[in-house]
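Please read the structure below before turning to the comments.
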């Protein structure tokens, strides 16, 4: 008696299962496309954060000099304007969040708390200078400036890394299409 290795209905079921698994795997691998608007706004924040980092470092260096409170106030005002500009860009990003790809949403979510820290520290530093313009060597004021400089570095680095990640992903996807590598 000969045994059939595959019966017709069993073989059909196995093929159907394999097809469904392959389709499911491809569907999982396909991620939403990057939003060009979000990419552009992340590039904008990258530039804004680099400028903010430079200004925050400069203001923090003021604590090692005898510059006037007016110099501090002027630099704090510039930093406040930069943070406000970043805040406006974040508002736009947040409104586009539903159309963003997963990595773009992650970037938005991770940028916001750092920007909030910057805004909070800058507000505290401005209030200190307004109330105590002659106490620029106060450790608490210096800590606000140091924390701001560190947060500015964190923001600039974070955004730069996400922007670079996006560019690398785009290049990789283009290369996959060119080589016709299945995804």
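The values are calculated or read from the model by the stated rules, or taken from the named source; none is laboratory data. Since this is a predicted model, take the numbers as computed values, not measurements. Quick reminder, even Gly has a Cβ in these numbers, built from the backbone with ideal geometry, and neighbours come from all protein chains shown.
Here are some notes:
- Filtered by the rule that a residue be farther than 19 Å from residue 37 by Cβ, free of Cβ contacts under 8 Å to residues at least 24 places away in the same chain and within 20 Å of the chain's Cα centre (by Cα), segment 101-136 gives 113, 116, 120.
- Of all residues assigned to segment 150-170, at least one qualifies as being touching a helix residue (DSSP H, G or I) at 6+ places or on another chain (Cβ under 8 Å), crowded, with 20+ Cβ neighbours inside 10 Å and over 19 Å from residue 39 (Cα atoms).
- Checking each residue in segment 33-61 for being farther than 18 Å from residue 118 by Cα and in contact (Cβ under 8 Å) with a residue 12 or more places away in the chain picks out 33, 34, 35, 37, 38, 39, 41, 43.
- Restricting 51, 66 to residues that are modelled with pLDDT of 95 or more and assigned by TED's automatic domain parsing to the domain that holds residue 124 narrows the list to 51.
- Tallying residues that are within 11 Å of residue 148 (Cβ to Cβ) and surrounded by fewer than 20 Cβ atoms within 10 Å (Cβ to Cβ) within segment 59-73 yields 1.
- Qualifying residue in segment 81-90 (condition: within 20 Å of residue 165 (Cα to Cα) and buried (at least 17 other Cβ atoms within 10 Å of the Cβ)): yes
- Inclusion of residue 98 among residues that are surrounded by fewer than 17 Cβ atoms within 10 Å (Cβ to Cβ) and in contact (Cβ under 8 Å) with a residue 60 or more places away in the chain is not warranted.
- Taken over segment 109-137, the residue count meeting the criterion of being surrounded by fewer than 20 Cβ atoms within 10 Å (Cβ to Cβ) and more than 30 Å from residue 65 (Cβ to Cβ) is 4.
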